[in-house]
Structure formats: structure tokens, C-alpha cells
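Notes follow the structure.
The values are calculated or read from the model by the stated rules, or taken from the named source; none is laboratory data. The structure displayed is predicted, hence computed values, not measured ones. Reconstructed Cβ throughout: ideal geometry from the backbone, glycine too, with neighbour counts over all protein chains shown. These accessible areas exclude ligands, DNA and RNA; they are computed on the full protein's heavy atoms, side chains included. Shrake-Rupley method; radii C 1.70, N 1.55, O 1.52, S 1.80 Å.
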Amino acid sequence: MSALTEDQTGREGRPANGSATTVENPPQTTAPRTIAPQRPTAEAPAATAEGPAATAQAPAPPATDTVTEAPAAPHPDAGTAAEDPDPPARAGDAHVHAPLSPVTARPAPHSHTAAVVTRELAHRTTETDVFPTRWTRISDTRFRFTAHWPAAHPFFGPVDDRHQDAMVVGETLRQASMVLAHAEFGAPADTHFVMWDMTVHVDPTALLLADAAEPVEFDVVCSEVRRRGRGLHSMRTTMEFRRAGRLVARGTGSTGCTSPRAYRRLRADRLDAVDRPVPLLAGIAPHTAGRSRPEDVVLAPGDRPGVWNLRVDTGHPVLFSRPNDHVPGMVLFEAARQAATAASGLHPFLPSRMTADFTRYAELHSACRIETQVLAGGPREVTVKVSGRQDGESVFTATLTSARPARVRSLP
């Protein structure tokens, strides 16, 4: 894993599967009170936080670290700039007076002025689920964060007695991207988010449980920044994570924004899904999925080896921290990890590389089939390709690579 450069792109529980009345990770309407000073065009594709894109991923623009204002061709499901009549000014419009954050109504932080990450900014409902803690602005498109990856967590807990869960890297990337979108790039508090793709590289030997008390420092470069008026339409975030000076992981993801009005227009025939209970399927054995608790399993038995059905538990306090009208993208990412674990037979499955591309929403009330293919690899690693299909269409594809455990020779 090489060094990050400027031009780089690339709670309270609810009854399980009970009814609900709002959308998952709904936009925040109240400003956090503990904050310190602080694809695309003029239209945005409709999406919601943590969920996959409703349509195929839009072509990415040329890599750049400069903010672009020029609009491109409209997205077919896009909302218009008129839906946000007075979007906030972008970060960096003025160097003397910082722009007001649409979430905090206070100036965004200048370089070396730390701001606090709140539950509202990270779209989480409990403090224990928020992993980034503070950030500072280094330039208009570069930021430095501090995070904490706990030794124990209700969901992102250790995978064995030595290693932390690599999925915490992806969750930190997702949260930090939304924090910056709100507080630095002008995404209003009622914005819905979608992550179209995510890639994470991890050094499992550096993701050690023994180091959990050490803070994690990570640099963020924002590129492919595209605007809707003066607000944010989409951007790519690329991050490099270090702990105690050692490079632990790198990741990148592409995030899109849309207004509540555009989301309601796109999802009008699906919004009542939050009021209809979802049947809770019986899960596979936790050990097979690489989990320790049955309630954290997101796979149900399939009709043949290497195939499972997505198990949706809308009462899960972390995966469904808020009600939603579709399956959150991070649930699909976790399903890919569990499927790769089960298909490979590696325990623990310690991913060194994870990629995922989301092509459409996964609906709550339709069966989602999770298929795997174990690819030919070297003697020291195994790669598993995972795909999710629903109603005959692709929902997501993912590829995960893990090192094989070293063989221990027995004494003669």
C-alpha cells in the first residue's frame, strides 16, 4: 500500500422485522450542539444513506482534486437544483471567512482547527457506533481525521482473539464521507446519501486487537467533486489509515447525494415498505458465516452449495439503526463477507482486499439470492467473487481476498 497523494482518486432496539414509519438513516433535522467551529450535474440521483444506487452507476468524471461547477448531462432519475433553492456555499469559497455548515450553522473548520464528529453528521443513532471522532481541514479537498476502533463492539467486534474486524474500515470510510459532505461540501441536513462503490485494502497483520486503544489517524482526499448549484451532488473520497505510525488500511468510495423530494419521487411505490413486516428467515450457523452471534448472521440457507438467501433483520440495532424502505448497502457488504467466509471455509476470513459495486436497491420484500464463486488463487490466498441478484436483476457484485492460514508442521 503506497502513500496517499493529492491527485489520488479512486440505540434503542425495535422488534425484529416489525413495522416502522420513517426511512433508514433519515436526514437530520436538528443541528448537533457539540460540534466545534466547525455522478452528477445540476441534478442528483435519488438515493438514501447506506443504500446502493437505484440505477446503474454513472460514468465517473476525470480524476481531479479541484472542485468543479460545470454541470454534465442530467441523470434520468435526477432531481433538479430547484429543489434546493438556496444551497449553502461550498467549503473553500472564501479563505478569510469559512462557509457555514448546513448542519451546524457554524463556520467549517480551518486548518488545524478540530471539529467534533457527532451522531447526526455520521448518520448513526448511538455514540458507540460512531468511529471517526474529530477532523481538521488541511485544504479545500484534503482533511485529517482521528478515529477510534474499539476492542469490543456489539457488531464490529474482533473476528478472533487477535484481529479486529476489517469491516470497521469500510464503515469508518462511509461515515467520514457523510461527515465531509455535510460539514465541508454543503450537503444540507436533509440530504440522502448513496455509496455506489467501495474498495478497501487492509493489512491484517496491522489490524490487531492489542492495538485497539491506540487512536487511528487517517487522511482523506476528496476528488471527482461535482455540484448541484452550490450544494454537493457527488464526490469520491480516498482514505489512508494509520495507527501508531503504521499503515493499516486504504480505501476509496464514491458517494452521491439527493434531496428528499427527489428520493420520494423515485421511491414513491416503495416507501410503504417500512410499514410492512419482513419475514425473518432462519440463519446459517454463525461459525460458518464467521460470526459469533446468531443475530448477526445475514445469510439464510440456499438451494445448493455456495448459494444463500439474504437474511434481513430490520430489528438489528446496528445494521438497521433506523427504519428503511430498502436493504442498506452495508448489509449487502456484510453479506458478501459472510458468503466469502462460508464459501472459502477459512476461519477466520481475514480480508486483505474487499471491493463492492452497487447497481440497484435491494428491496425488503423480495428474495435476494447471494451466489459465490471461489476463484483460482495462489497457495497463500483465496479470492471469492460474490454477487447478489433479486427479481432476475443484479443488485451488487463484490470480490474479497483473504490470506490462507500458514500451515503448521507437526513434529516427527
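Tabulated data
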{"item": "Residues that are over 20 Å from ARG236 (Cα atoms) and surrounded by fewer than 19 Cβ atoms within 10 Å (Cβ to Cβ), drawn from the range 353-364", "result": "GLU363"}
{"item": "Of residues in the range 108-138 being out of contact with any Pro (no Cβ under 9 Å at 6 or more places or on another chain), part of a loop (DSSP other than H, G, I, E, B) and open to solvent by 40 Å² or more (accessible area, probe 1.4 Å), the one nearest to ARG236 (Cα to Cα)", "result": "ILE138"}
{"item": "Any hit, the range 388-411, residues being touching a helix residue (DSSP H, G or I) at 6+ places or on another chain (Cβ under 8 Å), closer than 25 Å to GLN164 by Cβ and open to solvent by 20 Å² or more (accessible area, probe 1.4 Å)", "result": "yes"}
{"item": "Which listed residue is open to solvent by less than 10 Å² (accessible area, probe 1.4 Å), at pLDDT below 95 and outside any helix (DSSP H, G or I), from ALA262, ALA268, ALA187, ALA249", "result": "ALA187"}
{"item": "Hits in the range 275-318 - residues which are out of contact with any strand residue (DSSP E or B) (no Cβ under 7 Å at 6 or more places or on another chain), buried (at least 22 other Cβ atoms within 10 Å of the Cβ) and more than 20 Å from PRO158 (Cα to Cα)", "result": "THR314"}
{"item": "Hits in the range 146-173 (condition: open to solvent by 10 Å² or more (accessible area, probe 1.4 Å), closer than 30 Å to GLU224 by Cα and not in a loop (DSSP other than H, G, I, E, B))", "result": "THR146"}
